[in-house]
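Scroll down for the structure; my scribbles are underneath it.
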Amino acid sequence: MSTFYMKAGDLLPLIQDTLRNADGDAEPLTDATVTFVMRPRAGGTSIGGSATIVGDPVNGVVRYTWVDGDTDTPGTYDAEWTAVFAPGTKPLTFPNYSYDTVIISAKIPAPETP
């Protein structure tokens, strides 16, 4: 379980994580497709989309590139990654025992200019 911090409206840093199985080992993602999804902890609409496998798939590292609107609303979000290893196979979700956490803080408003 990881925690990621951002400011509202920022699209960097990209969110990146290592998917680990129940034993704590990196999950090999060879031939897998991965999606990222997060939802406000207080309830609401989910946000997310396709993720990218980073480097050698056996290392289990994935990344999601934020798009406009993903990080506009400050709050605490539960997040997870879902891998599908071949067409027609059942999905496997990470972390499988809880959620990653994304905390989006409000920006300090710029001062008004006269």
Please go through segment 72-114 and pick out each residue that is of a type in the set (S, T, N, Q), exposed (fewer than 15 other Cβ atoms within 10 Å of the Cβ) and part of a strand (DSSP E or B).
THR76, THR93, SER105
Scan of segment 85-114 for residues that are among the acidic types (Asp, Glu) and over 14 Å from the mean Cα position of the chain (by Cα), ordered by number
GLU112
If ALA42 passes every condition in (1) at positive phi; (2) surrounded by fewer than 11 Cβ atoms within 10 Å (Cβ to Cβ); (3) in contact (Cβ under 8 Å) with a residue 12 or more places away in the chain; (4) not aromatic (Phe, Trp, Tyr) but one, which one does it miss?
(1)
Cβ-Cβ below 8 Å, separation at least six or inter-chain, first residue in segment 90-114 and more than 28 Å from ALA32 (Cβ to Cβ), second small (Gly, Ala, Ser): which pairs?
SER105/ALA8; ALA106/ALA8; LYS107/ALA8; LYS107/GLY9
Can you name the residue in segment 59-71 that is more than 18 Å from THR18 (Cβ to Cβ) and of a type outside the set (S, T, N, Q) and, of all such residues, is surrounded by the fewest Cβ atoms within 10 Å (Cβ to Cβ)?
ASP68
Go through segment 65-89 and give me each residue that's in contact (Cβ under 8 Å) with a residue 40 or more places away in the chain and of a type in the set (Val, Ile, Thr).
THR65, VAL67, THR71, THR73, THR82, VAL84
Members of segment 30-46 that are polar (S, T, N, Q) and either part of a loop (DSSP other than H, G, I, E, B) or over 13 Å from the mean Cα position of the chain (by Cα) (or both)
THR30, THR33, THR45, SER46
Tell me which residues, restricted to segment 53-70, are closer than 16 Å to PHE85 by Cα and under 11 Å from the mean Cα position of the chain (by Cα).
VAL62
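Computed from the coordinates by the stated procedures, all read-outs in this text should not be read as laboratory data. Computed from a predicted structure; not experimentally measured. Reconstructed Cβ throughout: ideal geometry from the backbone, glycine too, with neighbour counts over all protein chains shown.
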